[in-house]
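Written below as structure tokens is the structure these notes are about.
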Amino acid sequence: MVRSKNKKFLLTLVLLTPFLFGGYIPNETMMPAFRMKKIVLDAGHGGKDPGNVGAKSKEKDINLAVTLLVGKYIKENLPDVEVVYTRKDDSFPSLKERPQIANNNKADLFVSIHSNSAPNKSAFGTETFVMGTKHFESNFDIVKRENSVILLEDNYEENYEGFDPSSPESYMMFNLMSKVHFENSVSLADQIETQFRDRVGRKSRGVKQGPFYVLWTPSMPSVLVELGFLSNSEEERFLMTDAGKEYMASAIYRSIKDYKDAIEKN
């Protein structure tokens, strides 16, 4: 009788040991592998909002052309990934609607594409932003310029609950943002800037943080890409050419593919 009880106790102990000491590894079938299935591409500005204006170009047009090319490359080479656009024409989705489209579609990635400008005509290069407030003062001009799009919207004071894009105090609420997707956002942003620099030969100004409204509410990794400065005549000429748009779009596509491969392996 004693031996029987001892056998039962030993058998129970053997079965429970992995659980008691944290060595239990669930069956892989219990935890399906992550697959990136849906991406939302956001062509910045549009419609009554031209964005930055160069000597011969409008930001909204360059943004849309590059965004549609990125989507085309994804559809051709990543057939398992669905592409959703915030706009496919010269329309004007509100700043709030853009990330809402990503959230409503339960997207795995949100990429907003823009073109830069600066009072200093010699400024040039690409940069990719993730949500954050690090170095806020040095990036405030571009953040204020992008967020000021809301002033073109009807009832913006009510829709944005008193948010004033020109007031530094208004950005205090952005410190409360969730950082759950921060690392993945930085990973994608770094891949984009690496592609711009190493494959397209553009000057990369690096990965930066900024409290952009369009990056604040997406519930997935999100980046805002600046393709270059339309205020710089050389960079404007490059971005106006078909080849320039194709180079920049292919760089963003390759970055998304590399990001997808990496995150699905992990």
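Quick note: the coordinates plus some simple rules give every number you see, no bench work behind them. This is a predicted model, so every value here is computed, not measured. Note that each Cβ is placed from the backbone with ideal geometry, even for glycine, and that neighbours are counted across all protein chains shown.
Would segment 175-266 count as rounded, prolate or oblate if I go by the C-alpha gyration tensor, calling it rounded below 1.5 in a/c and otherwise prolate when a/b exceeds b/c, oblate otherwise? It comes out oblate by the Cα gyration axes. Checking the Cα-Cα distances for LYS37/LYS96; LYS48/LYS245; LYS88/LYS245; LYS75/LYS106; LYS60/LYS203; LYS72/LYS121 against a 28 Å cut-off, the pairs over it are LYS72/LYS121.
Each peptide in 206-215, 47-56, 101-110 gets a packing score, the mean of other Cβ atoms within 10 Å over its residues, and the list from highest to lowest is 206-215, 101-110, 47-56. Label-to-label distance for ASN266 and ALA123 is 3.2 nm, based on points extended 7 Å past Cα in the beta-carbon direction. One decimal place: the segment ASN105-ASN77 gains 7.9 nm when fully extended, by the rule 0.36 nm per residue minus the C-alpha distance.
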